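Below is one structure, written out as structure tokens, with a few remarks after it.
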Amino acid sequence: MVRVATLLLLRHGRTTANADGGLAGRQPVELDETGRAQAAAVGERLRTVPLSAVVTSPLIRCRQTLELALPQASPVVEEGLIECGYGSWEGQPLKKLAKEPLWPVVQQHPSAAVFPDGEAMAQMAARAVAAVRDWDTRLTAQHGPEAVWLACSHGDVIKAIVADALGVHLDLFQRIVVDPASVTAIRYTPLRPFLVRLNDVGGDLASLVPPPGKRRRRANRSTASDAAVGGGAGASR
């Protein structure tokens, strides 16, 4: 069994834009009352998880989520985790955007979507995946295979990272659901990533912490397979 670090992807809590049906993008929207409660609740679930590092998108809704969930943490800002740059779409109601010619492309062929005055979805996916893989490699080297670390980001960003972990094309990422304040867990082994949890909004997170001691010594003697690293049921909404 190959032992590797565990990445927890946390989506920020619900925002005023989520509640109003708007596309926040990179605007400085903040958590609403429900979002603050969600952040506090996920913090209770994370209390039993020793985190080697906490990184975050620079946007205020992610930083607010971590302030409520992990008040003792000192998150490091990672620009690669920022929300997709939706350009002139930002701040507009989703009902209005659904009438735009680009909308079907975003929904059915997102790898080809480039937002007006904004970012390409493929570019967002590439820089987000590169960011988490780089952090995972460095933290594994620093803290060992028992490390668990957390990255707080946004729905589309996390969906793109999950699609990469599953080995599916970005055009399929709209099939993935990532709710506010949900936790998704990924382990990057030398052969392939394993999606351990998806969109978990209420499960026991302590089980994601690798056990120390004798099991670790046995694991270090075997490098034949990484198949046993995977597992865990994905909790859907």
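The values are calculated or read from the model by the stated rules, or taken from the named source; none is laboratory data. These numbers were taken from a predicted model, which means no experiment stands behind them. So basically every Cβ, Gly included, is an ideal-geometry build from the backbone, and we count neighbours across all protein chains shown. For the accessible areas, the whole protein counts, side chains as well, though only heavy atoms, and no ligand, DNA or RNA atoms are used. Shrake-Rupley method; radii C 1.70, N 1.55, O 1.52, S 1.80 Å.
In table form, for the structure just shown:
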quantity	calculated
Residue match in segment 118-125 (condition: open to solvent by 50 Å² or more (accessible area, probe 1.4 Å) and acidic (Asp, Glu))	no
Residue match in segment 36-53 (condition: in contact with a Gly (Cβ under 6 Å, 6 or more places away or on another chain), touching a residue at least 40 places away in the same chain (Cβ under 8 Å), small (Gly, Ala, Ser) and not in a loop (DSSP other than H, G, I, E, B))	yes
Those residues of segment 63-84 which are of a type in the set (Ser, Thr, Tyr) and open to solvent by less than 50 Å² (accessible area, probe 1.4 Å), in sequence order	Thr65
Test for Ala126: is it within 16 Å of the chain's Cα centre (by Cα), closer than 27 Å to Val201 by Cβ and in a helix (DSSP H, G or I)	no
All positions within segment 177-196 that are over 12 Å from the mean Cα position of the chain (by Cα) and either of a type in the set (A, V, I, L, M) or assigned to a helix (DSSP H, G or I) (or both)	Leu191, Val196
Residue within segment 45-62 that is open to solvent by 60 Å² or more (accessible area, probe 1.4 Å) and more than 25 Å from Ala131 (Cβ to Cβ) present	yes
Qualifying residue in segment 6-27 (condition: open to solvent by less than 50 Å² (accessible area, probe 1.4 Å), more than 17 Å from the chain's Cα centre (by Cα), on the phi > 0 side of the Ramachandran plot and not hydroxyl-bearing (Ser, Thr, Tyr))	yes
Only one of Pro93, Pro104, Pro145 that is exposed (fewer than 15 other Cβ atoms within 10 Å of the Cβ) and either closer than 30 Å to Ala206 by Cβ or free of Cβ contacts under 8 Å to residues at least 24 places away in the same chain (or both)	Pro104
Tally, over segment 152-180, of residues that are in contact with a Ser or Thr (Cβ under 7 Å, 6 or more places away or on another chain) and either among the aliphatic types (A, V, I, L, M) or surrounded by 20 or more Cβ atoms within 10 Å (Cβ to Cβ) (or both)	8
Residue under evaluation Ser88, criteria (1) in contact (Cβ under 8 Å) with a residue 12 or more places away in the chain; (2) of a type outside the set (Phe, Trp, Tyr); (3) open to solvent by 10 Å² or more (accessible area, probe 1.4 Å); (4) closer than 30 Å to Leu51 by Cα, criterion not met	(4)
Meets criteria (open to solvent by 60 Å² or more (accessible area, probe 1.4 Å) and within 30 Å of Val209 (Cβ to Cβ)) for Glu30	no
